Amino acid sequence: MFFTAWFFVYEVTSTKYTRDLYKELLISLVASLFMGFGVLFLLLWV
């Protein structure tokens, strides 16, 4: 959840000229991995 919020804040507050593609990809990849594992273990728990 933290990385998803960080990615959202990064996208909203950065301008077109200060964005870094590799940083965006890294944050979104880590966020999607954590969200995926969270959903997986939630479904296994239920």
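The values are calculated or read from the model by the stated rules, or taken from the named source; none is laboratory data. From a predicted model like this one, the values you see are computed outputs, not experimental measurements. As a convention, Cβ positions derive from the backbone with ideal geometry for all residues, glycine included, and neighbour counts pool all protein chains shown.
Yes or no: Leu29 surrounded by 10 or more Cβ atoms within 10 Å (Cβ to Cβ) and more than 13 Å from the chain's Cα centre (by Cα)? Judged against the criteria, Leu29 is not a match. Remark: pairs (first residue in the stretch 25-40, under 14 Å from Phe2 (Cβ atoms) and at pLDDT below 90; second residue surrounded by 13 or more Cβ atoms within 10 Å (Cβ to Cβ) and not aromatic (Phe, Trp, Tyr); Cβ separation under 7 Å; 6+ apart in sequence or on different chains) = Ala31/Thr4.
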